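What follows is calculated from the coordinates using simple rules that are stated; it is not laboratory data. The shown structure was predicted, so the numbers you read here are calculated from the model rather than taken from an experiment. Counting neighbours? That spans all protein chains shown, and the Cβs are built from the backbone with ideal geometry, glycine included.
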Amino acid sequence: MTRIGIIGAGAAAAAAAWAIDTQTEATITVVEKSGGLCGRAATRRRGAVTYDYGANYLKAEDDRVVDLVTGTLDTEGLVDIGEPVYTFDGAGQVAEGRDADEHKWSYEQGLTQIAKRLFGRTAATVHRNTRATAIHRRGESWEVSAGEERFGPFDILLVNPPAPQTAALLADSTWDDPLREKLIDALGAVDFRTVWTAIVGYPFEIDRPYYALVNIDNEHAIGWIAREECKPGHVPDGESVLIIQASHDWSVTHYDDPPSENISRLAQMASEILDDERLATPEWSDWQGWRYAQPETGAPTDLLRAAEGHDLYCLGDWTVGTARLHGALRSGLETADRIRQSR
Ligand SMILES: Cc1cc2nc3c(=O)[nH]c(=O)nc-3n(C[C@H](O)[C@H](O)[C@H](O)COP(=O)(O)OP(=O)(O)OC[C@H]3O[C@@H](n4cnc5c(N)ncnc54)[C@H](O)[C@@H]3O)c2cc1C
């Protein structure tokens, strides 16, 4: 039995855990800092409303991931958003324009279903609300500290957090190898887009021909507005929910401002773009700051592969240069392939 440890329970980790569990004789132990699964593909519920407040949907851009989601996993509740994505510019002018993605998938119960369904098919032990604080090399094995708790020993350690958080973990690790410093520098230098997100709900329907609006010239404080009611099962009839994602610059500038002020500003701007003044005053709201929303640069593959020679596997969207959910899932599947080939 190979003892596998995984830090983080994002989509990449879930895909890797599923593939390892089906391909290899292994025990799998996961530590996840939050109370949920699927990381940045995140879902919340509020009464009868369900909303995806991180990733909006899964694209059908990777055949292996499409097979996984439509062929291997249960497709019950898998929904495809039919309406197109329109555009808007810095002046808030809306236009038809962006090519529609072939599929825009979520689940009636939200995107977190992907990780829930993948982990649900494994015998992995998942420790939620458990933040890894350091990793340690002991002879040929790895251990993980989470405050006072220790997990391991593991023959193989997978590390799923965004690159800067993985760099911070390595900085607090005991691993006497020159590769550690190189990885800390390279992973700490991976740039991420920051996105401050407001979620706003209304007790009336909004009639529009599009699912979402994307800013195409990077000249607006808002980057994306999506209508969650276009996902079947997410919003009861007679209500509307907008997911408003601020641009990187706006998000960085206002990241620590009072959330109520940010929500008001973003709702006001969204009301102007959608040309409906009722949208400036939502009935309810929620928010999330994503400091590390989407990687904009990649990490050096040679260093990541060198770490794998020490049974340390980094995985996630930033390791494959695809800042998308399908990229994260693909990275998990490919990580499991390399582990299998290495044994
Ligand atoms: C606002 C936003 C909008 C997006 N829109 C889309 C979209 O529409 N379509 C799309 O395809 N993609 C979208 N993405 C990108 C997509 O969400 C990511 O590419 C994908 O979810 C990344 O998965 P991952 O497994 O690589 O990493 P993550 O989801 O970040 O998983 C890492 C996990 O590690 C955990 N963790 C971190 N540190 C520790 C620690 N010290 N100890 C234990 N656990 C830890 C985290 O809690 C998390 O669960 C969006 C992302 C954001 C934020």
**Report entry** Gaussian network model of the chain, springs between alpha carbon atoms under 10 Å - residue of CYS230, CYS314, CYS38 with greatest fluctuation
**Finding:** CYS230
Requested in this report: Return an integer: the convex hull volume of the alpha-carbon atoms of the stretch 199-343, in Å³ per residue.
Outcome: 150
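Among MET269, MET1, which comes first, second and so on when ranked by fewest other beta-carbon atoms within 10 Å? Intermediate results must be reported in sequence, preceding the final value.
Working: MET269 21, MET1 8.
Ranked by crowding around the Cβ, least crowded first: MET1, MET269.
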Query raised in the report: Using 7 Å Cα-to-Cβ label points, what is the GLU181/GLU102 separation (nm, one decimal)?
Result: 4.7
Report summary line: Excluding residues fewer than 8 positions from LYS116 in its own chain, the aspartates and glutamates with Cα under 15 Å of it are ASP21, GLU32, ASP52, ASP74, GLU76, GLU108
**Report entry** Choice from ALA146, ALA328, ALA198 showing the highest fluctuation, given a GNM over the chain with Cα pairs closer than 10 Å
**Finding:** ALA146
Query raised in the report: Taking every pair of alpha-carbon atoms in the chain, what share in percent sits in each 20 Å bin, from 0 to the bin with the longest distance?
Result: 31, 55, 15, 0
**Report entry** Cβ-defined net charge surrounding ILE28, 13 Å radius [Lys, Arg +1; Asp, Glu -1]
**Finding:** -2
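Below 11 angstrom from the Cβ of ASP74, what's the summed charge of the other residues (Lys, Arg +1; Asp, Glu -1)? Walk me through the numbers on the way to the answer.
Working: positive: LYS116, ARG117, ARG121; negative: GLU76.
Its environment carries a net charge of +2.
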Report summary line: Ranked by GNM mean-square fluctuation in the chain (Cα springs under 10 Å), the top entry among ASN160, ASN129, ASN262 is ASN129
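Evaluate the charge dipole of the chain about its Cα centre and quote only its size in Debye, nearest 20, assuming +1 on the Cβ of each Lys and Arg and -1 on the Cβ of each Asp and Glu. Mind dumping the intermediate values first?
Details: 33 positive and 54 negative charges, 260 e Å.
With Lys and Arg at +1 and Asp and Glu at -1, about 1240 debye.
Give me the one-decimal Kirkwood hydrodynamic radius in Å for the stretch 169-219, with the sum taken over alpha-carbon pairs.
Working: mean 1/r = 0.0615 Å⁻¹.
It is 16.3 Å.
Mind running the shape call on the stretch 30-106? Use the C-alpha gyration tensor, a ≥ b ≥ c as the square roots of the eigenvalues: rounded below 1.5 for a/c, prolate if a/b tops b/c, oblate otherwise. Walk me through the numbers before you get to the answer.
On the way: a/c = 2.03, a/b = 1.36, b/c = 1.50.
It comes out oblate by the Cα gyration axes.
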Query raised in the report: Considering every pair of different Cα atoms, what Kirkwood radius, in Å, is found for the stretch 118-193?
Result: 13.6
